[in-house]
1. I need the full set of residues from region 178-191 which are without any contact (Cβ under 8 Å) to a residue 12 or more places away in the chain and under 18 Å from residue 210 (Cα atoms), in order please.
2. Counting only residues that are part of a helix (DSSP H, G or I) and in contact (Cβ under 8 Å) with a residue 40 or more places away in the chain, which one in region 216-242 is nearest to the chain's Cα centre (by Cα)?
3. Could you count how many residues in region 364-390 are touching a helix residue (DSSP H, G or I) at 6+ places or on another chain (Cβ under 7 Å) and on the phi > 0 side of the Ramachandran plot?
4. Just to verify a result, which residue in region 145-154, among those that are assigned to a loop (DSSP other than H, G, I, E, B) and within 16 Å of the chain's Cα centre (by Cα), is surrounded by the fewest Cβ atoms within 10 Å (Cβ to Cβ)?
5. May I ask you to verify whether residue 318 is crowded, with 21+ Cβ neighbours inside 10 Å and more than 27 Å from residue 354 (Cβ to Cβ)?
6. Among the candidates 385, 344, single out the residue that is over 18 Å from the mean Cα position of the chain (by Cα) and touching a residue at least 24 places away in the same chain (Cβ under 8 Å).
7. Looking at region 294-325 only, could you name the residues that are farther than 18 Å from residue 75 by Cα and assigned to a helix (DSSP H, G or I)?
8. Please verify whether residue 335 is more than 30 Å from residue 151 (Cβ to Cβ) and at pLDDT 95 or above, treating the condition exactly as stated.
């Protein structure tokens, strides 16, 4: 028996090494560090805990929304409320001037109409729509011409994120939302789509503004205000008198949290454009928003070697490093409560980013009762859930 003991010891050692190797192969952090087109940085008590290609500038995808959110929160504060101005001219036209409030949803328009009625308005001859804060030729980098909701245009005056939620049953079209009446534009677009539920965007500026006017008119009529059928897309006449300045019921913080949770591109790019004119004065022109957010990042962090092309992360021209994202997250710590929690792990609060061949994740993991920042950027095809597994592993 004694003569055979070394063989058993060798066998046990081989088995142990094999199991250890298999465990390492299954470790998601180890998997990332074997990827040539990946970057990972985790801080612990202010020092690098894991740093793998952390200085390489990569495509951040929607983790770029963290920079947009931070710039907005630092510029205006958590409790800021966006406003919309309403005027009436001598002929009875109601003029609506937008300042890129990203959350004028149907329920908010109900509140706006109530505020108009309180001003004693009983009749509106027509509706004037003023989105002159944005240059008409303004385009968002990375936005395509598809009908997907994430490709909706960003206008200074917009209802429901410039999207429609409809249901088609045979030739019958109706709204999928009880708070949103069907308008002529909605019915026309619904007939062009398939049977069943449709989520579509209002693909052009003029169409988006026309729909805003139709929806507002429907809300005014429901409130008992007589409304003429005509609309104008124009700058508010200088002779029109301001009825009121309507402030959104949601604070900026209450807009940023769902923007990050649902990765809402419309809200992110509305904030991105608005940051080019923080006081709402003047007209925002092409390229101005890119310069404004780039200048903000340089001033606040001293960054070099990065590129900002849009505010939502749609453009593949955007570039940030894991090191830069972690620096951003260190500054973002006072707003950590606005970050989405990972569904299966309360010790992770982070923002995903996804494009074709791009998988990113940036946020915080709770290690030893302390929230620590991390950033993961992958520029090659990987399993969709690898990033979440990495974050949970970092938390452990």
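1. Residues of region 178-191 that are without any contact (Cβ under 8 Å) to a residue 12 or more places away in the chain, as a first pass: 178, 188.
Residue satisfying the conditions is 188 alone.
2. Only one residue tops the list, namely 216.
3. The number of residues fulfilling the criteria is 0.
4. Among those that are assigned to a loop (DSSP other than H, G, I, E, B) and within 16 Å of the chain's Cα centre (by Cα), it is 148.
5. Working: crowded, with 21+ Cβ neighbours inside 10 Å: yes; more than 27 Å from residue 354 (Cβ to Cβ): no.
Against the criterion (crowded, with 21+ Cβ neighbours inside 10 Å and more than 27 Å from residue 354 (Cβ to Cβ)), residue 318 does not qualify.
6. 344
7. Matches in region 294-325: 322, 323, 324, 325.
8. Spelling it out, it is not the case that residue 335 is more than 30 Å from residue 151 (Cβ to Cβ) and at pLDDT 95 or above.
The values are calculated or read from the model by the stated rules, or taken from the named source; none is laboratory data. The model shown is predicted, which means the values in this text are computed figures rather than measured ones. Note that each Cβ is placed from the backbone with ideal geometry, even for glycine, and that neighbours are counted across all protein chains shown.
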